[in-house]
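Peer 1: This is the structure, below, for whatever I ask next.
The values are calculated or read from the model by the stated rules, or taken from the named source; none is laboratory data. Small disclaimer: the values here were computed from a predicted structure and weren't measured. Cβ placement follows ideal geometry from the backbone for every residue including glycine, while neighbour counts extend to all protein chains displayed. When the accessible area is computed, the model is the full protein with side chains, heavy atoms only, and any ligands, DNA or RNA have been set aside. Shrake-Rupley method; radii C 1.70, N 1.55, O 1.52, S 1.80 Å.
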Amino acid sequence: MEPSKSQSWDRRTPRQRVSASGLPRRHRDRLYEPLEWSDEDRTRAYTVWFRLCTGGPVVALRGPVGTGKTQLAAQMVAWACDEYTAIYRTFADLCAQWKARAFDGGESEGDVVRSLVAPWLLVIDDLQTSYGSETEYRILERVIDKRYGEKRPTLLIANFTDKALAEFLGPRVCDRIREGGGMYSMEGRSRRG
């Protein structure tokens, strides 16, 4: 994938780009520790990364709470930041950012969309935190559609079953996931304790 014009001028170090990505500190700090992943986790990580890098612009990662989805996404952000830029947002934060900038801040919706299309990788976590409003869905669909059109990889993460995630995303987004991306599951017990 080709970087955008703004990315080609980004002179920050990879670590600085990771810090600016919006990843929570808990997950950033774990990036620089040895990976304690099972062979299955490692295979899944490389498979998802391969899909993101090879024209699968929309990949979904789903599973129960605590199975390592966000930490896997943090690793994707770090790998992306070796060369490009990445943004991590929870869905709630993305919607709040949209509201603050487009409705309260005087920016056009187009400006907000461009800011979310510009980074090479966008991770949207915690889709299940949605209130289910039509506005939230419209925001998500618009951002995914624009990134899809620009061939920018997007990683979606949710604590949903396959069926619930497909219902939440709707047929348009699911169709984009099917085209070279994929929906991956992380199952098992919580790793938090």
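Peer 1: Among the numbered criteria (1) crowded, with 16+ Cβ neighbours inside 10 Å; (2) more than 21 Å from Val18 (Cβ to Cβ); (3) modelled with pLDDT of 90 or more, which one does Arg101 miss?
Peer 2: (3)
Peer 1: So which of Arg11, Arg17, Arg51 is modelled with pLDDT of 80 or more and not in a helix (DSSP H, G or I)? Working first, answer last.
Peer 2: Values: Arg17 fails: not in a helix (DSSP H, G or I); Arg51 fails: not in a helix (DSSP H, G or I).
Going through Arg11, Arg17, Arg51 in turn, just one is modelled with pLDDT of 80 or more and not in a helix (DSSP H, G or I): Arg11.
Peer 1: Do you know which residues across the stretch 86-98 are open to solvent by 40 Å² or more (accessible area, probe 1.4 Å) and within 12 Å of the chain's Cα centre (by Cα)?
Peer 2: Arg89
Peer 1: Next question, about the same structure. I'd like the full set of residues that are within 14 Å of the chain's Cα centre (by Cα) and surrounded by fewer than 21 Cβ atoms within 10 Å (Cβ to Cβ), limited to the stretch 129-142.
Peer 2: The answer is Glu141, and nothing else.
Peer 1: Specify which of the listed residues (Val112, Val18, Val117) is open to solvent by less than 30 Å² (accessible area, probe 1.4 Å) and under 25 Å from Glu179 (Cβ atoms).
Peer 2: None of the others qualify; the one that does is Val117.
Peer 1: On to the next question. Name the residues in the stretch 61-72 that are touching a Phe, Trp or Tyr at 6+ places or on another chain (Cβ under 7 Å) and open to solvent by less than 10 Å² (accessible area, probe 1.4 Å), would you?
Peer 2: So in the stretch 61-72, the residues touching a Phe, Trp or Tyr at 6+ places or on another chain (Cβ under 7 Å) come out as 61-62.
Matches in the stretch 61-72: Leu61 only.
Peer 1: Looking at the stretch 76-85 only, could you name the residues that are open to solvent by less than 20 Å² (accessible area, probe 1.4 Å), under 20 Å from Asp41 (Cβ atoms) and of a type outside the set (Val, Ile, Thr)?
Peer 2: Those that are open to solvent by less than 20 Å² (accessible area, probe 1.4 Å), under 20 Å from Asp41 (Cβ atoms) and of a type outside the set (Val, Ile, Thr): Met76, Ala78, Ala80.
Peer 1: To continue, here is another question. For Tyr148, only one of the following conditions fails: (1) open to solvent by 10 Å² or more (accessible area, probe 1.4 Å); (2) free of Cβ contacts under 8 Å to residues at least 60 places away in the same chain; (3) in contact with a Ser or Thr (Cβ under 9 Å, 6 or more places away or on another chain). What is its number?
Peer 2: That leaves (2) as the condition not met.
Peer 1: So which of Pro171, Pro153 is of a type outside the set (Ser, Thr, Tyr) and open to solvent by less than 50 Å² (accessible area, probe 1.4 Å)?
Peer 2: Numbers: Pro171 fails: open to solvent by less than 50 Å² (accessible area, probe 1.4 Å).
Answer to the check: Pro153.
Peer 1: Is it fair to say Leu23 is surrounded by 21 or more Cβ atoms within 10 Å (Cβ to Cβ), touching a residue at least 40 places away in the same chain (Cβ under 8 Å) and out of contact with any Ser or Thr (no Cβ under 8 Å at 6 or more places or on another chain)? I'd like the intermediate steps shown before the answer.
Peer 2: Working: surrounded by 21 or more Cβ atoms within 10 Å (Cβ to Cβ): yes; touching a residue at least 40 places away in the same chain (Cβ under 8 Å): yes; out of contact with any Ser or Thr (no Cβ under 8 Å at 6 or more places or on another chain): yes.
Yes; evaluated as a whole, the condition is true for this residue.
Peer 1: Given the conditions (1) farther than 20 Å from Tyr148 by Cβ; (2) in contact with a Gly (Cβ under 6 Å, 6 or more places away or on another chain), and given that Ala78 satisfies all but one, which numbered condition is not satisfied?
Peer 2: Exception for Ala78: condition (2).
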